[in-house]
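Working notes, beginning with the structure itself.
Read the figures in this text as sums done on the coordinates, not as results from a lab. Note that this is a predicted model, so its numbers are computed, not measured. Here the Cβ positions follow ideal geometry from the backbone for every residue, glycine too, while neighbour counts run over all protein chains shown.
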Amino acid sequence: MIEPSILVVDDEVQFVETLVKRLVKRGVKASSAFSGQEALDALAASGATRTDVVVLDVKMPGMDGLETLAAIKEKHPLIEVIMLTGHATVESAIEGMKRGAFDYLMKPCDFDILMAKLNQAAVKKREHEAKILEARATLISLRRGD
């Protein structure tokens with residue numbers, strides 16, 4: 001099991017703070033944002049390579065979760081996003097998956113299930129990064145004529 005770096009995004013401050021504390025107790029690097037724009041700003045400021053997975057609420061004032069998901073995937077396509085909501089509909093789940101969400105979970109979510117999904121998502125991101133590095137190395141080697 002790897003130690004993923006997680007950004008939790010939800011407008012419910014108490015929920016976010018509690019979840020971040022639980023993640024940190026499990027050895028996960030976790031940070032928080034309380035709006036879609038704050039999440040995008042945090043990813044831009046920290047260099048998104050440090051974040052493996054975003055846990056993102058669907059229903060938020062201002063920029064909602066689906067809009068935030070689209071912006072994350074546009075600017076940081078390798079970051080995996082797990083949609084988490086207490087207001088799930090089949091339509092929003094399908095739309096989230098179409099926009100690139102890794103998975104879609106209902107609040108309250110069993111913490112062990114969330115941990116398993118976070119690890120799966122982080123592994124997927126890191127595998128993609130490794131493939132990109134391997135492809136770059138191959139390209140450099142070919143250019144040098146190795």
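Table for the structure above
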read-out: PRO77, sole failed condition from (1) surrounded by 13 or more Cβ atoms within 10 Å (Cβ to Cβ); (2) farther than 16 Å from VAL8 by Cα; (3) of a type outside the set (Phe, Trp, Tyr); value: (1)
read-out: Residue satisfying all of: in the stretch 22-66; charged (D, E, K, R) and closer than 15 Å to PRO77 by Cα; nearest to the chain's Cα centre (by Cα) among these; value: ASP52
read-out: Any hit, the stretch 88-105, residues being part of a helix (DSSP H, G or I), touching a residue at least 40 places away in the same chain (Cβ under 8 Å) and among the small types (Gly, Ala, Ser); value: no
read-out: Number of the exception - GLU91 against (1) under 21 Å from ARG126 (Cβ atoms); (2) exposed (fewer than 12 other Cβ atoms within 10 Å of the Cβ); value: (1)
read-out: ILE72 being outside any strand (DSSP E or B) and in contact (Cβ under 8 Å) with a residue 24 or more places away in the chain; value: yes
read-out: Top-ranked residue in the stretch 103-132 [being surrounded by fewer than 17 Cβ atoms within 10 Å (Cβ to Cβ) and of a type in the set (Gly, Ala, Ser); ranked as nearest to the chain's Cα centre (by Cα)]; value: ALA116
read-out: Flag for ALA42 being within 21 Å of VAL20 (Cα to Cα), in contact (Cβ under 8 Å) with a residue 12 or more places away in the chain and either buried (at least 19 other Cβ atoms within 10 Å of the Cβ) or hydrophobic (A, V, I, L, M, F, W, C) (or both); value: yes
read-out: Residue within the stretch 47-55 that is crowded, with 18+ Cβ neighbours inside 10 Å and assigned to a loop (DSSP other than H, G, I, E, B) present; value: yes
read-out: Residue among GLY100, GLY96 that is on the phi > 0 side of the Ramachandran plot, touching a helix residue (DSSP H, G or I) at 6+ places or on another chain (Cβ under 9 Å) and either surrounded by 11 or more Cβ atoms within 10 Å (Cβ to Cβ) or of a type outside the set (A, V, I, L, M) (or both); value: GLY100
